[in-house]
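The values are calculated or read from the model by the stated rules, or taken from the named source; none is laboratory data. Everything numeric in this text was worked out from a predicted model, so none of it was measured. Ideal geometry is used to build each Cβ from the backbone, glycine not excepted, and the neighbour counts take in all protein chains shown. When the accessible area is computed, the model is the full protein with side chains, heavy atoms only, and any ligands, DNA or RNA have been set aside. Shrake-Rupley method; radii C 1.70, N 1.55, O 1.52, S 1.80 Å.
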Amino acid sequence: MSEPIIILRELTKQYDQAIAVDHLNLTINKGEIFGLLGPNGAGKSTTILMLLGLTEPTSGEVQVCGIDPVSHPVEVKRKVGYLPDNVRFYEDLTGIENLIYTGQLNRMTKKQAREKALQLLTRVGLADAAHQKTGTYSRGMIQRLGLADVLMKDPEVIIMDEPTLGIDPTGAKDFLNLIVRLSREDAITVLLSSHYLLQVQEVCDRIGLFVKGKLIAVGDIASLSQELFANEPFRIEAIIHWERNSSWDTISALKQLLLQINGVAKVDIEDERLHISATQDVTAQVARTIVMQGIDLLALSKREHGLEDIYHRYFESESIQ
Ligand code: ADP
Ligand code: MG
């Protein structure tokens, strides 16, 4: 049974000039890893601040772990770990000293806090840097320490704003995998915001696409893709090779022939790469057509529609309106 742990109803935040979050409705279930995905200025950070009771909604309702953060911000902070996009630590203190400090703020004894801090530093891969001042940490290490810091209070929910900002792609991937592993081990719900589509696609159970304060689609990648590409669910990519001296006519003739295949909806040619969208699986017919034209077929693959296609589709339709 899915059990709601974050509930937003008609949540709205209006600043003087602009509406940052516009009648947002969303339910996130216990144990889920949810990605709030959208470009800069979409309203992701504002939504997160409202979930934590750090800024007040103009209208609408929020509930986190059964608590209303507007009237009970302190109680919410006890259950929710928050990693802001610009997380900072006391630079003159070591990693472990920073965590002990957090533990003590959360009513642990120094001994309890030290034990837990050591455990967590190991879990996030910072055991070797535990006694190093955090002023010397890299951005990636700071994020790992941030995760350990958030876990010091055994949260039910972790909320992270752009957790991979400023980390190189490999480091970002490792960090996201770490978040997933730790949250699964401890059955923690995770809400993270990002504008990096591909990273989020790999780690989130569900994704919300957020544009100009509005959630324009929610679901897992498979259902978002199905919903969006119902009319042309098959996508084929072919890599071909033609002689440099063959004329452009050869290519446009090939395009015309491919478009005549029953089910082919669209053909894009980009140098020696063909992108074909179709309403049915036309892989064999595509291969035959290319070869019959005397053109070398070097590779042929069927591709699922990914998050990138989904993102562009929504953003394109958004900009048309
Ligand atoms: P994101 O985190 O998705 O980049 P934000 O939530 O930071 O988006 O911002 C959403 C919109 O609200 C933007 O247009 C931003 O300029 C505006 N905004 C954010 N914070 C404030 C503020 N304190 N005062 C006025 N406008 C703000
Ligand atoms: Mg932001």
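Descriptive notes on the structure:
- Other residues whose C-beta falls under 13 angstrom from the C-beta of residue 29 contribute a net charge of -3, scoring Lys and Arg +1 and Asp and Glu -1.
- Working from the Cα coordinates of the stretch 174-321, the gyration tensor eigenvalues give, after taking √(5λ), semi-axes of 38, 17, 14 Å in decreasing order.
- Annotation: aspartates and glutamates with alpha-carbon distance below 14 angstrom to residue 255 (same-chain offsets under eight excluded): 237, 268, 270, 271, 272.
- Heavy atoms of residue 131 accessible to a 1.4 Å probe, total area in Å² rounded to 10: 130
- Label zone at residue 253, where the point sits 7 Å out along the Cα-to-Cβ direction: the stretch 285-300 residues whose backbone N lies under 15 Å: 289-296
- Simple spin-label estimate for residue 71 and residue 265 in nanometres, 7 Å along Cα-Cβ: 4.9
- Listed by chain and number, the lysines whose C-alpha is less than 26 Å from the C-alpha of residue 173, apart from same-chain residues fewer than 8 away, are 30, 44, 116, 133, 153, 302.
- Applying 1/(1 + (r/R0)^6) with r as the Cβ-Cβ distance of residue 170 and residue 132 and R0 = 22 angstrom yields a FRET efficiency of 0.50.
- Put the Cα centre of the stretch 191-242 next to the Cα centre of the stretch 1-72 and the gap is 22 Å.
- Taking 0.36 nm per residue of sequence separation and removing the Cα-Cα distance, the residue 59/residue 14 pair yields an extension gain of 15.3 nm.
- Only helical runs count toward this figure. For the chain, summing -39,500 (n - 2.57) over DSSP H runs of n ≥ 4 and dividing by all residues gives -11500 deg cm²/dmol at 222 nm.
- Cα extents of the chain along the three principal axes, largest first (Å): 77, 47, 41
- For the stretch 4-226, the relative contact order works out to 28 percent when only alpha carbon pairs closer than 8 Å and six or more residues apart are counted.
- Alpha-carbon Rg with Dmax, taken over the stretch 230-304, Å: 11.6, 40
- Dipole of the chain, positive direction: furthest Cα of 295, 137, 223, with charges on the beta-carbon: 137
- For the chain, a Gaussian network of Cα nodes joined below 10 Å ranks 260, 119, 132 by mean-square fluctuation, and the top entry is 260.
- Percent carbon-and-sulfur accessible area, the chain, ignoring ligands, DNA and RNA, probe 1.4 Å: 49
- Between the stretch 92-149 and the stretch 258-298, the C-alpha centres lie 56 angstrom from each other.
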